[in-house]
Amino acid sequence: MKRLITFILTSAGLALFYTNAVAATQVYGEYILDVTISVITPIPAGDSVYCDLTVGTTETTNSNSDTVLVQATVSGTPPTATARCTLTLPFEWLLSTPDTDVVAVTYDVAILPTNFTNVKEQAVRAGTHILTPVVGIPGHVTQLASVTTRL
C-alpha cells in the first residue's frame with residue numbers, strides 16, 4: 001500500500017512539473033534599420049564610415065543576440081557629407097515566451113581605419129544610439145526605423 005501511495009504522489013508531482021514547463025519556440029526573421037548620417041567630422045585618408053546593429057533578447061532560460069556591421073556609402077565632403085547604411089540582420093532564436101519578450105535594439109556609427117580590429121579603441125569618432133525596445137518577436141521581416149544622426 002505504501003508503494004502505491006508513493007507511486008501516485010510521485011506521478012502527480014511529475015505531472016505537475018511537466019505541465020508548468022514552457023516549450024521553446026523557434027522564431028526567425030530579419031530586422032532592418034536604415035541610417036542616414038550627417039558627417040561633420042573629417043574622414044582621414046583611407047578611413048571609412050561604418051554602421052552596426054545589435055538586437056537581443058534575454059529570457060530566464062534563453063538569451064539571444066545578433067550583430068551586423070556594414071560599411072556606409074558616403075557622398076560629399078565633411079562637414080556637408082552624407083553617409084547611408086541599410087542594416088539587415090537575420091535572426092533565428094529559440095525562445096520560451098516570444099510573444100512577450102522585449103528586444104533591445106542599439107546601433108552604432110563610427111569612422112574607422114581600413115584594417116581596424118577593435119571598433120571601440122580604434123574609432124576616430126563613434127556614437128552609440130538606443131532605439132525603443134520592441135515588445136514581442138515579430139514574424140519574418142521587421143522594419144525597425146529610418147534614423148538620422150551626426151558623426
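The values are calculated or read from the model by the stated rules, or taken from the named source; none is laboratory data. Because the structure is predicted, anything quoted here is derived from the model rather than measured. Counting neighbours? That spans all protein chains shown, and the Cβs are built from the backbone with ideal geometry, glycine included.
So the values come out like this:
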quantity	calculated
Matching entry among Glu59, Glu121, Glu92 (being modelled with pLDDT of 85 or more and charged (D, E, K, R))	Glu92
Residue in the stretch 57-65 that is surrounded by fewer than 16 Cβ atoms within 10 Å (Cβ to Cβ) and either in contact with a Pro (Cβ under 6 Å, 6 or more places away or on another chain) or among the hydrophobic types (A, V, I, L, M, F, W, C) (or both) present	no
The listed residue being in contact (Cβ under 8 Å) with a residue 60 or more places away in the chain, in contact with a strand residue (DSSP E or B) (Cβ under 7 Å, 6 or more places away or on another chain), hydrophobic (A, V, I, L, M, F, W, C) and in a loop (DSSP other than H, G, I, E, B), out of Ile43, Ile32, Ile37	Ile43
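Rundown of residues vs (1) crowded, with 16+ Cβ neighbours inside 10 Å; (2) of a type in the set (Val, Ile, Thr); (3) within 20 Å of Tyr31 (Cβ to Cβ); (4) in contact with a Cys (Cβ under 8 Å, 6 or more places away or on another chain), yes/no style:
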site	(1), (2), (3), (4)
Ser75	no, no, no, no
Ala81	yes, no, no, no
Leu87	yes, no, yes, yes
Thr97	yes, yes, yes, no
Val103	yes, yes, yes, no
Val119	no, yes, yes, no
Thr128	no, yes, yes, no
Thr142	yes, yes, yes, no
